Amino acid sequence: QVQLVESGGGLVQAGGSLRLSCAASGSIFSINVMSWYRQAPGKQRELVAAITGRGRTNYADSVKGRFTISRDNAKNTVTLQMNSLKPEDTAVYYCYMKNEYSDYWGQGTQVTVSS
């Protein structure tokens with residue numbers, strides 16, 4: 001059974017940085033896309049950043065230039081480096097992975113940015 005385990009969330013002041021990591025446990029092969037989503041209270045879940053197996057990245061306009069997504073294919077991990085954090089980045093962040101057979105979600109990690 002595949003599980004995605006996230007780490008690195010927490011409380012930070014505006015302008016600070018956090019690094020989120022997500023590791024897949026269990027047998028998971030040929031992951032096409034690794035992504036981070038977030039959901040703020042009262043809002044829909046939104047895509048923050050995604051990275052393909054070949055390293056092509058895509059970012060939400062609101063985080064471009066501040067967040068960086070990276071992946072380690074050998075370890076089935078994905079990382080989100082978040083700099084210059086703003087209060088509006090406060091949300092639960094979810095890791096997502098997809099291969100040709102299925103897709104998988106992490107349990108979420110809280111990121112809170114204080115002003």
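The values are calculated or read from the model by the stated rules, or taken from the named source; none is laboratory data. This is a predicted model, so every value here is computed, not measured. Don't worry about glycine lacking a Cβ; one is built from the backbone with ideal geometry, like all the others, and counts go over all protein chains shown. To get the accessible areas, we keep the full protein, side chains included, count just its heavy atoms, and leave off ligands, DNA and RNA. Shrake-Rupley method; radii C 1.70, N 1.55, O 1.52, S 1.80 Å.
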* Across segment 37-46, which residue is modelled with the lowest pLDDT among those that are on the phi < 0 side of the Ramachandran plot and open to solvent by 60 Å² or more (accessible area, probe 1.4 Å)? -> Pro41
* Quick one: what pairs do we get from segment 101-115, first residue in contact (Cβ under 8 Å) with a residue 24 or more places away in the chain, second open to solvent by 50 Å² or more (accessible area, probe 1.4 Å) and β-branched (Val, Ile, Thr), C-beta under 9 Å, 6+ apart or different chains? -> Gly106/Val5; Gln107/Val5
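Which count do you get for residues in segment 61-91 that are touching a residue at least 60 places away in the same chain (Cβ under 8 Å) and open to solvent by 40 Å² or more (accessible area, probe 1.4 Å)?
Matching residues across segment 61-91 total 5.
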* Structure fact -> Checked segment 92-115 for anything touching a Ser or Thr at 6+ places or on another chain (Cβ under 7 Å), within 15 Å of Gln1 (Cα to Cα) and open to solvent by 50 Å² or more (accessible area, probe 1.4 Å); matches are none
* Of all strands (runs of 3 or more DSSP E) completely enclosed by segment 1-110, which ones contain at least 1 residues that are among the hydroxyl-bearing types (Ser, Thr, Tyr)? -> 3-7, 18-25, 33-39, 46-52, 57-59, 67-72, 77-82, 91-98, 103-105
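Here's the yes/no breakdown for (1) without any contact (Cβ under 8 Å) to a residue 24 or more places away in the chain; (2) β-branched (Val, Ile, Thr):
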{"position": "Gln1", "(1), (2)": "no, no"}
{"position": "Leu20", "(1), (2)": "no, no"}
{"position": "Ala24", "(1), (2)": "no, no"}
{"position": "Ser27", "(1), (2)": "no, no"}
{"position": "Ile31", "(1), (2)": "no, yes"}
{"position": "Tyr37", "(1), (2)": "no, no"}
{"position": "Gly42", "(1), (2)": "yes, no"}
* Among the residues of segment 67-75, is any in contact with a strand residue (DSSP E or B) (Cβ under 9 Å, 6 or more places away or on another chain), over 16 Å from Glu6 (Cα atoms) and among the aromatic types (Phe, Trp, Tyr)? -> yes
